[in-house]
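Following: one structure in structure tokens, then a few remarks.
The values are calculated or read from the model by the stated rules, or taken from the named source; none is laboratory data. Nothing here was measured: the structure is a model prediction, and the numbers come from that model. Using ideal geometry, Cβ is built from the backbone for each residue, glycine included, and neighbour counts are taken over all protein chains shown.
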């Protein structure tokens, strides 16, 4: 059966989708604009990834969430270098995204929702954890008629391991956008950029990624 992808445009969701694509062929990729500074670049990246996978892409706008946005993500005057993991928390964000994906999965008769949770961020954010995934699936059994399952092939992996898996699978890692800022280039000072850079360095592909990204943006 087909899947619905939660595709943020970042490394984790790309690799998760790429790892699941044969067993769970993607029918639709969802990306969310909830007022974050990086919304346009994230949507652009997700659209490119969806096209590579042969999946339809849909940008879901959630303007009401912008009122819940922390300054680190939403305020263009906020210094990204001052952002911390705690300061970028958006209330119930992943719960909202999973619910919207479930509605699409039921309407399209897809049996799987694919997301890019990871062990590194689960240490700080409980909505990236195995327990959150398990409880989402318990909820979906009652909330939907076709009972799609939420899966995350990256659930138990660190960022370095996710980058390494992406390389092993031949995923187009250079298509991603992981910065909290709007671009045109990654800032390399926000927490997300720092995690991405460390993962790419430890996987030995940072220079290749930068070269491919430069060609893409140029």
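Check the stretch 132-154 and report whether any residue there is farther than 18 Å from residue 88 by Cβ and at pLDDT below 95.
no
Output the number of residues of the stretch 151-173 satisfying the condition of being surrounded by fewer than 19 Cβ atoms within 10 Å (Cβ to Cβ), outside any loop (DSSP other than H, G, I, E, B) and in contact with a helix residue (DSSP H, G or I) (Cβ under 6 Å, 6 or more places away or on another chain).
3
What single numbered condition from (1) over 19 Å from the mean Cα position of the chain (by Cα); (2) under 23 Å from residue 26 (Cβ atoms); (3) touching a residue at least 24 places away in the same chain (Cβ under 8 Å); (4) surrounded by fewer than 20 Cβ atoms within 10 Å (Cβ to Cβ) fails to hold for residue 110?
Condition (4) is where residue 110 drops out.
In the stretch 83-95, how many residues are at pLDDT 90 or above and assigned to a helix (DSSP H, G or I)?
Qualifying residue count for the region: 3.
Does residue 137 meet the test of being out of contact with any helix residue (DSSP H, G or I) (no Cβ under 9 Å at 6 or more places or on another chain), farther than 16 Å from residue 195 by Cα, in a helix (DSSP H, G or I) and free of Cβ contacts under 8 Å to residues at least 40 places away in the same chain?
Yes.
Here are some conditions: (1) under 27 Å from residue 172 (Cβ atoms); (2) surrounded by 15 or more Cβ atoms within 10 Å (Cβ to Cβ). Residue 54 meets all but one. Which one does it not meet?
Residue 54 satisfies all of (1) under 27 Å from residue 172 (Cβ atoms); (2) surrounded by 15 or more Cβ atoms within 10 Å (Cβ to Cβ) except (2).
Surrounded by fewer than 16 Cβ atoms within 10 Å (Cβ to Cβ), outside any helix (DSSP H, G or I) and over 15 Å from the mean Cα position of the chain (by Cα): which single residue out of 204, 215 fits that description?
204
Examine the stretch 126-134 for a residue that is at negative phi and in a loop (DSSP other than H, G, I, E, B), and state whether such a residue exists.
Quick first cut of the stretch 126-134, residues at negative phi only: 126-134.
Next, from what is left, pick out any that are in a loop (DSSP other than H, G, I, E, B): 129.
Within the stretch 126-134 (the criterion being at negative phi and in a loop (DSSP other than H, G, I, E, B)), the answer is yes, since at least one residue qualifies.
Return yes when residue 105 is assigned to a helix (DSSP H, G or I) and under 21 Å from residue 155 (Cβ atoms) and no when it is not. Full working, then the answer.
Working: assigned to a helix (DSSP H, G or I): yes; under 21 Å from residue 155 (Cβ atoms): yes.
Judged against the criteria, residue 105 is a match.
Residue 98 passes all but one of (1) in contact with a strand residue (DSSP E or B) (Cβ under 7 Å, 6 or more places away or on another chain); (2) not in a helix (DSSP H, G or I); which number fails?
Here residue 98 clears every test but (2).
Please work out if residue 78 is without any contact (Cβ under 8 Å) to a residue 60 or more places away in the chain, in contact with a helix residue (DSSP H, G or I) (Cβ under 9 Å, 6 or more places away or on another chain), buried (at least 17 other Cβ atoms within 10 Å of the Cβ) and over 23 Å from residue 63 (Cα atoms).
The answer is no for residue 78.
Of the residues that sit in the stretch 21-38 and are in contact with a strand residue (DSSP E or B) (Cβ under 6 Å, 6 or more places away or on another chain) and surrounded by fewer than 21 Cβ atoms within 10 Å (Cβ to Cβ), which one is farthest from residue 196 (Cα to Cα)? Steps first, answer last, please.
Applying the first criterion (in contact with a strand residue (DSSP E or B) (Cβ under 6 Å, 6 or more places away or on another chain)) to the stretch 21-38 yields 24, 26, 28-33.
Then keep just the ones that are surrounded by fewer than 21 Cβ atoms within 10 Å (Cβ to Cβ); that gives 28, 33.
On the way: 28: 26, 33: 21 Å.
Checking each candidate, the answer is 28.
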